[in-house]
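Only the coordinates and a few stated rules stand behind these numbers; no lab work does. From a predicted model like this one, the values you see are computed outputs, not experimental measurements. Neighbour counts are summed over all protein chains in view; Cβ atoms, including those assigned to glycine, are modelled from backbone coordinates with ideal geometry.
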Amino acid sequence: MTTHSLSMSLRNEQGGLARVVVLFSSRGVGVERLSLRPAGPGGLFLLDVEVALPPGRSPAQLVEQLRRLVDVREVRHTDEELELGA
């Protein structure tokens, strides 16, 4: 399994976080670390999560699947940003 860091903005709606976790679970993605905090006015939260991906699963594919969830406003694979900035 490979570990990746994701950061996303998530609407503070009932079941929003649960939909993200169910997506992870149904695709065999393990959650290593999770941090959720308010993003200020507007009912958004920032979710930082470190995930363990099974062999054959790409982080880009997971990001695209997360973007399809109704409560997710933005998703970034922060490992790629670190690599690009180096």
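Per residue of the chain, what 222 nm ellipticity follows from adding -39500 (n - 2.57) for every DSSP H run with n ≥ 4, rounded to the nearest 500?
Numbers: 3 runs with 28 residues, N = 86.
One gets -9500 deg cm²/dmol as the mean residue ellipticity at 222 nm.
Once you put a point 7 Å from the Cα of Glu74 and another 7 Å from the Cα of Asn12, both along the Cβ direction, what distance in nm separates them?
Placing both labels 7 Å beyond Cα along the Cβ direction yields 1.8 nm.
Could you state the angle between the C-alpha long axis of helix 16-26 and the longest principal axis of the C-alpha atoms of the chain, as a value from 0 to 90 degrees rounded to the nearest 10?
20 degrees
Using Cα-Cα distances under 8 Å and only pairs 6 or more residues apart, what relative contact order does the chain have, in percent? Walk me through the numbers before you get to the answer.
Details: 141 pairs, mean separation 37.4, N = 86.
So the answer I get is 44 percent.
So which residue, out of Gly15, Gly30, Gly40, gets the largest mean-square fluctuation from a GNM of the chain using Cα contacts under 10 Å as springs?
Largest GNM mean-square fluctuation: Gly40.
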